[in-house]
Amino acid sequence: MSSTYTSLEAELHDVFWSNEETPELEWLDAVLKNHPGRALEVGCGSGRLILPLIQKGHDLEGLESSSEMLDRCRTAAQEANLSPTLHLGDMSHFSAEEPYHCLLVPAFTFQLSNDPAATLRNFKKLLIPGGLLYLTVFIPFAEIDKELPEDEWYPDHEVELPDGQKASVETRHQIDRKRRILKREHHYRLTDGDKVREHHSEQTICWFTAHQLAKLIADAGLIVETAVADFDDQQAVGEDSQIITIVARKKTNAKAGQ
């Protein structure tokens, strides 16, 4: 899995994304209401989704590979008078004492896996027979269609903090269309007068066509129940769909841990 979300990248994550809409929150809430039971959010980060869902009464644990993001989630949970069960680990190898009724993998987290097929097999092991997997991925059309310049730095986010500090991040990327791999570099900068803090990170993202994703899921022993595009339950997945959300189920005759 890509090693990211440390130092300034973790510190400024919520600063850059706090004003972004979170359409998945409503979707995740509906999934958990329709499939109650112990659940796990994979890639819970600083708690942007898991904490509101717990406040809605769901039995939800979190898994995160970045210890710094997990610390931020714990802090946010304490401020909200919550005490969620949070795990530090890699989604490809994480194991639990008891399987879950539902796995939530929102916000394109799955695309950070170095081995998507192995990760899906692990997801299957984490589910009870008949358990549900919710998964969202995206296709980076801006990079594919050259709307963003390849191998050139461009401004990504910039914001002034309440204390007067200025935070910014620049990004550049390289894309392998044949292998469907996008490599991004991020350069973070936090300026306070003459003082400047900087941090550089790298991230590798894979993407899939709808057909490839469905085959990966089927090969892992899961059955796709629904697939929708761009968070619109009336919109079928097509070649121009940027965001694909899939709900799949583990076969009811499959044994736990397999």
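Within the chain, what's the longest stretch lacking trypsin sites (Lys or Arg not before Pro) that sit in DSSP loops with no more than 15 other Cβ atoms inside 10 Å?
Within the chain, the longest run free of exposed trypsin sites (Lys or Arg not before Pro) spans 57-145.
If you take the charge dipole of the chain about its Cα centre, with +1 on Lys and Arg Cβ and -1 on Asp and Glu Cβ, which of Leu216, Thr171, His13 is farthest toward its positive end?
Towards the positive end, the residue furthest out is Leu216.
Using just the C-alpha positions of the range 96-221 as equal point scatterers, what log10 of I(q)/I(0) does the Debye formula give at each q in 0.11, 0.14, 0.16 1/Å?
Evaluating at q = 0.11, 0.14, 0.16 Å⁻¹ gives log10 I(q)/I(0) of -0.55, -0.77, -0.89.
What's the long-distance tail for the range 1-83, i.e. % of Cα pairs beyond 18 Å?
The share of Cα pairs beyond 18 Å in the range 1-83 comes to 42 percent.
Estimate the FRET efficiency between Ala142 and Glu26 by the formula 1/(1 + (r/R0)^6), using the beta-carbon distance for r and 30 Å for R0, to the nearest 0.05.
0.75
State, as an integer percentage, the relative contact order of the range 20-152 based on alpha-carbon contacts under 8 Å between residues 6 or more apart.
After rounding, I find 23 percent.
Name the lysines eligible as straight-distance cross-link partners of Lys195: C-alpha to C-alpha under 28 Å, and not fewer than 8 places from it in the same chain.
Lys166
Students often forget the sequence filter, so: which lysines lie under 27 Å Cα-Cα from Lys124 once same-chain residues fewer than 8 apart are removed?
Lys33, Lys56, Lys215, Lys250, Lys251, Lys255
Measure out, as a whole number of angstrom, how far apart the alpha-carbon centroids of the range 177-208 and the range 1-78 sit.
Centre-to-centre distance over Cα atoms comes out at 21 Å.
Which residues does a label at Ala80 reach in the range 103-121, if reach means a backbone N under 20 Å from a point 7 Å past the Cα toward the Cβ?
Output list for this probe position: 103-109.
Rounded to the nearest 20 Debye, what is the dipole magnitude of the chain about its Cα centre when Lys and Arg each give +1 and Asp and Glu each give -1 at the C-beta?
The dipole of the chain has a size of about 1420 debye.
Students often forget the sequence filter, so: which aspartates and glutamates lie under 15 Å Cα-Cα from Lys146 once same-chain residues fewer than 8 apart are removed?
Lys146 reaches Asp176.
With a 10 Å Cβ neighbour count serving as the proxy for reagent exposure, in which order, fewest first, do Glu143, Glu198 appear?
So the residues, fewest neighbours to most, are Glu198, Glu143.
Taking neighbour Cβ counts within 10 Å as the exposure measure, how do Thr85, Thr4 sort from fewest upward?
Going from sparsest to densest Cβ surroundings: Thr85, Thr4.
Pull out a ≥ b ≥ c, the square roots of the eigenvalues of the alpha-carbon gyration tensor of the chain, then state rounded if a/c is under 1.5, prolate if not and a/b is larger than b/c, and oblate in the remaining case.
Cα axes put the chain in the oblate bin.
Give me the dipole magnitude in Debye, nearest 20, for the range 141-205 about the Cα centre, with unit charges on the beta carbon: positive for Lys and Arg, negative for Asp and Glu.
That gives the range 141-205 a dipole magnitude of about 420 debye.
First select every other residue whose beta carbon is under 12 angstrom from the beta carbon of Phe208; then total the charges, Lys and Arg +1, Asp and Glu -1.
The answer is +3.
Just so you know, all these numbers are worked out from the coordinates, no wet-lab data involved. Please read all numbers here as calculations on a predicted model, not as lab measurements. Using ideal geometry, Cβ is built from the backbone for each residue, glycine included, and neighbour counts are taken over all protein chains shown.
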